[in-house]
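Trainee: Okay, here's the structure, questions in a sec.
Laboratory data are not the source of any read-out in this text; all were calculated from the coordinates shown. What you are looking at is a predicted structure, and each value in this text was computed from that prediction instead of being measured. Ideal geometry is used to build each Cβ from the backbone, glycine not excepted, and the neighbour counts take in all protein chains shown.
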């Protein structure tokens, strides 16, 4: 396994990076498990699961510089926004729709991430609209000669939208410092990739005049490697890159969906055996960064942190109903 | 003070503002090398360069969405929809994103962008170069929708729109571009968004309108003056915010109200103005609220007699004014 050691060192990652990446993957997984539990208890009406996507999200997010680069995520990107600066408590404040939810103060459905302070651009429910915002921000950064790279994430379903095409096209025309990451989990709610995508997603990049790559989205180091190369290219003024990371979601699209109507149990089980977290643990053990004792300790600690965040969020205040009329315009009281 | 037409006022204002503030950028189809199909950005590419004068791909959703990103990142984009009729591919970006970003982020993000769009008929533009789109956009909280009708307002309201912290849909009636002239102060000034103005005082009825129709209403009112009927003419200037107070004040004086608009009469701006007058000034009224608007057909047809059938004109307005005054 000496070769494994070379892998992360070659990528410029230190042991503490690996441990942090691992911790964020666990954090997202435990937040997800907790939110499903709260959903079953009737305390959280709507859940957008992340499980299965942790490697793709943590690996790709890790390639960006916090405080400098900009994130335009989509709703499944819980692990990504944790890397970008959300805490578990922040996640649960959004889940419950509490006043201090950093994304929206309880206005949006859960998982509609946003925070100016953390350079996470507010998102909506219509698909892939954020890709055009990312293109506009990247254009602005380039015009102002700021050393900043923009990342935008969506699923393979998002690549069918005109906004995604528009953003890819504009990124190609202007050689924008922009990285498109597609978390291809093979299903847009129930519609399989075979009915969603003509050809292959990553190959489309060539048509827009920039490179596209595919990678194993259940491999956090590969997700990081591909994205880091893309971010480096963008920072060097060499333009945009498309990265397609193949992965799978372990649960339904949301708590309002039932994936048993469109996915075979055997297929789900097969992908759960490829779970990115145990896979990364195997790697970490192979390079002696971690052992079983340390894994158990980290899991317990992270789970406790998540539980504490959920508890604090649950106990915090709802927004004042009258505040719903505020922040429509900067200079007008409309209600 | 210089006499200008509407389109020259818009061109000069935008140019002067881009000289003054280098965060202002323009983007749209043909705004660069061509200087815009109506010449609003003529000469901009040479003066400001292609970084700030962006000839975009032919994709209105892109124009709107990229402008939103620019605005979020601190630029002051002025996006051009070549014709208001073509703005609908960008409708989702404008109403779901631009309009709702401040609200949905609870004030954390804002979108200080302007979407300029030539609108309106009477220019042989047929179904897809004649539409009035104000009601679609004004329906959505989070947007401001303004329709300056004079060169003076075109300048002052454009500057205010660029300064505004929220997205503004700035509609320019194509027929006013070269038809309407007026004095424009050379110095910088702004006209607030959401203030109507009484352009002609009268006692017999209040006529509310905006855009090209405002000029037709003034002309009709002048004709009636020779018959001893004095019509008070209100130019709304802004659809949202709607300055209903100025309208109500006038109606309180004349006790009769009509609204003239070129958009489809059904659920158009006149429906809202009439409803608010009915809600707030019912007992001031000595006659029915009259609306003159476009007929309920999908859009303006091309052949001159068909176009004339669609468009409200001075004769039609004059007749309706006389009828209401004599009611």
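Trainee: Out of all DSSP beta bridges in chain A, what portion is antiparallel? Express it as a percent rounded to 5.
Mentor: If we restrict to bridges inside chain A, about 10 percent are antiparallel.
Trainee: Output the 0 to 90 degree angle, nearest 10, between the alpha-carbon long axis of helix B:314-325 and the longest principal axis computed from the alpha carbons of chain B.
Mentor: That helix lies at roughly 50 degrees to the long axis.
Trainee: Also, quick follow-up: Just the number, please: percent antiparallel of the DSSP beta bridges in the stretch A:136-220, rounded to the nearest 5.
Mentor: For the stretch A:136-220, the DSSP antiparallel bridge percentage is about 25.
Trainee: Compute the normalised compactness of the protein assembly as shown: alpha-carbon radius of gyration over 2.2 N^0.38 Å, N being the residue count.
Mentor: 1.09
Trainee: As a test of the formula, what do you get for the protein assembly as shown when each DSSP H run with n ≥ 4 contributes -39,500 (n - 2.57) and the sum is divided by the residue count, at 222 nm and rounded to the nearest 500 deg cm²/dmol?
Mentor: -12500 deg cm²/dmol
Trainee: Related question: Going 7 Å from the Cα of residue B:20 in the Cα-to-Cβ direction, what parts of the stretch B:159-198 have a backbone nitrogen less than 14 Å from that spot?
Mentor: B:159-164, B:185-192
Trainee: Can you order the peptides B:235-248, B:56-69 by their average number of other Cβ atoms within 10 Å per residue, highest first?
Mentor: Packing order, densest peptide first, comes out as B:56-69, B:235-248.
Trainee: Another question about this same structure. Using a 10 Å cut-off on Cβ to Cβ distances, tally the other chain neighbours for every residue of A:155-168 and report the average as a whole number.
Mentor: What the average comes to for A:155-168 is 3.
Trainee: If N is the number of residues in the stretch A:280-335, what value comes out of its Cα radius of gyration divided by 2.2 N^0.38 Å? Please report the intermediate quantities before stating the final value.
Mentor: On the way: Rg = 22.2 Å, N = 56, 2.2 N^0.38 = 10.2 Å.
This ratio for the stretch A:280-335 stands at 2.19.
Trainee: Return one number: the angle in degrees, 0 to 90 and rounded to the nearest 10, between the long axis of the Cα atoms of helix B:6-20 and the longest principal axis of the Cα atoms of chain B.
Mentor: Roughly 40 degrees, rounded to the nearest 10.
Trainee: Assuming R0 = 25 Å, what is the FRET efficiency of residue B:47 and residue B:187, from their Cβ-Cβ distance, to the nearest 0.05?
Mentor: Efficiency computed from Cβ-Cβ geometry: 0.75.
Trainee: In the Gaussian network model of chain A, springs joining C-alpha atoms below 10 Å, which of A:309, A:12, A:212 carries the largest mean-square fluctuation?
Mentor: Most flexible of the set in this elastic network: A:12.
Trainee: As an exercise, use a Förster radius of 60 Å and the Cβ-Cβ distance of residue A:144 and residue B:223 to find the FRET efficiency, rounded to the nearest 0.05.
Mentor: Details: r = 55 Å, r/R0 = 0.92.
About 0.65, to the nearest 0.05.
Trainee: Between the stretch A:286-335 and the stretch A:184-215, what's the alpha-carbon centroid distance in Å?
Mentor: With the stretch A:286-335 and the stretch A:184-215 each reduced to a Cα centre, they are spaced 32 Å.
Trainee: In peptide A:122-131, how many Cβ atoms from other protein chains are near each Cβ within 10 Å, on average?
Mentor: So the per-residue partner count for this stretch is 4.
Trainee: Using a Förster distance of 56 angstrom, determine the FRET efficiency expected from the C-beta separation of residue B:197 and residue A:315, and round it to 0.05.
Mentor: Values: r = 54 Å, r/R0 = 0.96.
About 0.55, to the nearest 0.05.
Trainee: Averaged over its residues, how many other protein chain Cβ atoms are within 10 Å of peptide A:102-112's Cβ atoms?
Mentor: 3
Trainee: If I model a spin label at residue B:253 and residue B:297 as a point 7 Å from the Cα along the Cα→Cβ vector, what separation in nanometres do I get?
Mentor: Roughly 3.8 nm, to one decimal.
Trainee: Determine the percent antiparallel among the DSSP beta bridges restricted to the protein assembly as shown, to the nearest 5. Could the numbers behind the result be given before it?
Mentor: Working: 12 of 65 bridges.
For the protein assembly as shown, the DSSP antiparallel bridge percentage is about 20.
Trainee: Just check chain A against the gyration tensor rule for me: Cα atoms, a ≥ b ≥ c as the square roots of the eigenvalues, rounded for a/c under 1.5, and otherwise prolate or oblate depending on whether a/b exceeds b/c.
Mentor: Rounded.
Trainee: Please work out whether the stretch B:171-327 counts as rounded, prolate or oblate from its C-alpha gyration tensor, where a ≥ b ≥ c are the square roots of the eigenvalues and a/c under 1.5 means rounded, while otherwise a/b larger than b/c means prolate and anything else oblate?
Mentor: rounded
Trainee: Ok, one more. With all pairs of different alpha carbon atoms counted, what Kirkwood hydrodynamic radius in Å does chain B show? Walk me through the numbers on the way to the answer.
Mentor: Values: mean 1/r = 0.0500 Å⁻¹.
Hydrodynamic radius (Kirkwood, Cα only) of chain B equals 20.0 Å.
Trainee: Another one. For the Cα atoms of chain B, what angle does the longest principal axis make with the long axis of helix B:60-72, in degrees from 0 to 90, nearest 10?
Mentor: Once rounded, one gets 70 degrees.
Trainee: Anyone know which of A:290, A:277, A:127 comes out most mobile in the 10 Å Cα GNM of chain A?
Mentor: Per the Cα network of chain A with a 10 Å cutoff, A:290 tops the list.
Trainee: Along Cα→Cβ, 7 Å out, is where each label goes; now give me the distance between the ones at residue A:33 and residue A:9 in nm to one decimal.
Mentor: For the pair residue A:33/residue A:9, the computed spacing is 3.4 nm.
Trainee: I would also like to ask the following. Report the label-to-label distance for residue A:286 and residue A:68 in nanometres (one decimal), using points 7 Å from each Cα along the Cα→Cβ vector.
Mentor: Between residue A:286 and residue A:68, the simple spin-label model gives 3.2 nm.
Trainee: Multiply the residue separation of residue B:30 and residue B:286 by 0.36 nm, subtract the distance between their alpha-carbon atoms, and state the gained length in nm to one decimal. Display every interim value, and only then the final one.
Mentor: Numbers: separation 256, 0.36 × 256 = 92.16 nm, distance 5.12 nm.
Between residue B:30 and residue B:286, full extension yields 87.0 nm more.
Trainee: I would also like to ask the following. Identify which of B:47, B:16, B:279 has the largest mean-square fluctuation in a Gaussian network model of chain B, with springs joining Cα atoms closer than 10 Å.
Mentor: Most flexible of the set in this elastic network: B:279.
Trainee: Now a separate question. Going by the alpha-carbon gyration tensor, a ≥ b ≥ c the square roots of its eigenvalues, is the stretch B:43-172 rounded (a/c under 1.5) or, if a/c is not under 1.5, prolate (a/b greater than b/c) versus oblate?
Mentor: rounded
Trainee: Just need the relative contact order of chain B here, percent rounded to a whole number, with Cα pairs under 8 Å and 6+ apart. The partial results should precede the final answer.
Mentor: Values: 753 pairs, mean separation 52.8, N = 327.
Relative contact order for chain B comes out at 16 percent.
Trainee: Rank-order A:318-326, A:167-175 by packing density, defined as the average count of other C-beta atoms within 10 Å over each peptide's residues, highest first. Walk me through the numbers on the way to the answer.
Mentor: On the way: A:318-326: 12.1, A:167-175: 23.3.
Result, highest mean Cβ count within 10 Å first: A:167-175, A:318-326.
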